[in-house]
Amino acid sequence: MNRYLVTSALPYANGPIHFGHVVGAYLPADVYVRALRRQGEDALFICGTDEHGVAITIGADKNGQEYSEYVEGWHKEIEKTLTTFGIEFDIFSGTSTCPQHAEFSLEFFKRLRERGYLQKQTSEQLYCNQCELFLADRYVLGGCPECGHESARGDECPACGSWLDPLKLVSPSCRVCTNAPEKRETTHFFLDLPKLRDEAVGAWFGEKTWKPNVDAFVRKLLEDVHARPITRDMKWGVELPSDLVDGEEGKVLYVWFDAPIGYISMSAEWSAANGDPDGWKDWWQNKDTRLVHFIGKDNIPFHTLVFPSMLHGVGQDYILPWRVPANEFYNLEGGKFSTSEGWTIPLDEFFERYDPEVARFHLIASMPETSDSEWSWKEFQATANAGLADTIGNLVTRVLRFLDKHFDGVVPPVDEAHRARLEGLLLNECGAIGDPAEHITAFRFRKAAEQLLLNAAVANVFIDRTAPWKLRKTDMVEAGSVLGACCQYLGWLAHWMTPMLPGKAQALWEMLGQSGEVAELPWPGTPCAETWQLIPAGQKLGEVAGLFDKLEDAQIEAEIANLKTRALASSDEL
RNA sequence: GGCGGUGUAGCUCAGCUGGUUAGAGCGCAGAACUCAUAAUUCUGAAGUCACUGGUUCAAGUCCAGUCACCGCUACCA
């Protein structure tokens, strides 16, 4: 049997996450894991915050906070958001707090070096005495040597578009503190990606089938891959003991290098917490494990090329990714999500007014699977109202309230006299019933959401065709058979809802008078004549309530207005 | 500048290796029904598939060019 090791891109602990992050990497992974588990598969779901790097030190300094304090704040904030969305990791750790992280990261460095995959290079870089920092290109400002423009960035001149070498900028200054940086020599270690590509990783990539958006991009990249530096001179990061780096002091691992190792160290933290310190090996070094990375498109090179190179390079039988279902980007009402420009929806505010499960469902239904897509308030309203409230929610109440009124709130039997005809009608003639989990495990999330609604519509057609409100007046037994069949079908619906709408699924399950967690039962697939009756006749129903509230036009218009106000307010501040 | 992507009904998006009258949901129009959260069901209108040229018996689907938008461009994480 296969087991599934599922990761979501580590969110950077430097700010809040938004719908784009959630829909790109966390929500699909959660839905996927829920579907796998219901199908009886063994799955481990790993995530945590990425907590090192310069951007974090600058953010913390600006706030006057210790790095660890700053990171912890964002870690909690991000975790809260993900929890509200109902995303349930087996562990949500952090690269600066995971007890195993430094050890694993240093082991990677050490082994890669021993095995000849690291090169040492010395170069001159700009160093800011004030900030005590080697400046990344984008943190240097200065005059453009090409066109004379006064405020070019270290990587590119906004006026003439030239590609710049930060060392050649005229009178450079530090973008953080505005002091003039000086040139300093420094030595760094580089990961020899071309060598790893030629040895194994290139062939491995070529053999696999990737999503089209991954394939074209990486294939090109592979042709022209360069060695990448994996060390930096700074204080915040996984510190390299000087004996590992030929006596150099003050080196840390570059954050992109240690971050993906977090997937492994966090797995080790998880297994240690479960009393089995070596348990992570059963996942990471087991050929039967299918490693699945959920990421946004910005992370594609790291997860299809760089991290696999690292895993291969250490030579410890680590498995390489099985699938990388990368999503494209998610925009907001025609523009990019941008916290700094105020073009965003603060999620804490959002959740004061909206049901997280409805948001979950809408995000799944509009996921940027093949190309960029976007959050639109009107579309959200349509999903919430026409999709969830009208199609599913109304179906539930139309059946259950009918039973409350005319059948004492008890599931009626499907009488033998009508069984064959009704089951033929319901299962074959009222629309195509599909298994949402099949789409989910094939990474077709939008399709899965669509299928769930189509399945619900089948019952609406069935009810219209059988018209139990008429039958009730002529043949109470037959009316009971119809409603009984509907109850059975609602049971299926509750099952089908679990990966995408776990809370609503359980609520429906309880309305049907069922006890226990529907999510813990085996996945039923699609109904056939032998299997479709799940709920015993005579079962007393639970209390019936609306599953989904409708969203008013005025409310949605107010949200769109809010969005614009927020962007304006933010531009005034600048 | 280089590389990659996107451009399909009013809106949001599907369309795999080219093949009959180009699809879905929402919205819109009409009808049926009245059990239900004025919900549901049925029917319908609506697209020169960005533009130009090419390959082919046949192109939204391949090739070239043009335009628009987006991403990446390696010491950013």
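Just so it is clear, none of the values below were taken in a lab; they were calculated from the coordinates. Since the structure is predicted, the reported quantities are computational estimates derived from the model, not experimental observations. All Cβ positions, glycine included, derive from the backbone under ideal geometry; neighbour counts span all protein chains shown.
For A:D415, the amide hydrogen comes within under 5 Å of the amide hydrogens of A:S481, counting only partners 5 or more places away or on other chains and with H modelled in the peptide plane.
Take the alpha carbon atoms of segment A:511-574, find their center, do the same for segment A:226-280, and report the distance between the two centers in whole angstrom. Here the answer is 41 Å between Cα centres. What spacing in nm lies between the two simple spin-label points modelled at A:E114 and A:Q130, each 7 Å away from Cα in the Cβ direction? Output for this residue pair reads 4.5 nm.
Over all pairs of different C-alpha atoms in chain A, the reciprocal of the mean inverse distance, the Kirkwood hydrodynamic radius, equals 26.6 Å. Excluding same-chain neighbours fewer than eight residues apart, the lysines reachable from A:K287 by a Cα-Cα span under 26 Å are A:K110, A:K195, A:K208, A:K211. For segment A:259-274, putting each phi into the Karplus relation 6.51 cos²θ - 1.76 cosθ + 1.60 with θ = phi - 60° gives couplings of 4, x, 4, x, 4, 6, 5, 6, 5, 5, 4, 4, 6, 5, 5, 9 Hz, in residue order, rounded to whole numbers and with x for Gly and Pro.
Taking 20 Å as the straight-line reach from the Cα of A:K62, the lysines in range (excluding those fewer than 8 positions away in the same chain) are A:K76, A:K235. Put simply, the amide H of A:S173, placed in the peptide plane, has neighbours under 5 Å in A:L141, A:G142, leaving out anything fewer than 5 places away on its chain. Quick check on chain A: of the DSSP beta bridges with both residues there, what percent are antiparallel, nearest 5%? Here the share of antiparallel DSSP bridges comes out near 55 percent. Along segment A:486-500 the Karplus relation, 6.51 cos²θ - 1.76 cosθ + 1.60 evaluated at θ = phi - 60°, assigns HN-Hα couplings of 4, 4, 4, 5, 4, x, 4, 4, 4, 4, 4, 6, 3, x, 8 Hz to successive residues, with x for each Gly and Pro.
3J(HN,Hα) along segment A:235-247, derived from phi through the Karplus expression 6.51 cos²θ - 1.76 cosθ + 1.60 where θ = phi - 60°, amounts to 9, 9, x, 6, 6, 9, x, 4, 5, 7, 10, 6, x Hz, with x in place of Gly and Pro.
With the charge dipole of segment A:1-87 set up from +1 on Lys and Arg Cβ and -1 on Asp and Glu Cβ about the Cα centre, the Cα lying farthest toward the positive end among the listed residues A:Y32, A:T83, A:A60 is that of A:Y32. Within a straight-line Cα-Cα reach of under 17 Å, A:K540 can be paired with the following aspartates and glutamates, leaving aside sequence neighbours fewer than 8 residues apart in one chain: A:D404, A:D408, A:E510. Taking amide H atoms as placed 1.01 Å from N in the peptide plane, the amide H of A:W343 lies under 5 Å from those of A:S338, each 5 or more residues away in sequence or on another chain. Each 5 Å bin, from zero up to the one with the longest distance, holds this percent of the alpha carbon pairs of segment A:114-244: 2, 10, 15, 14, 14, 14, 14, 11, 6, 2, 0.
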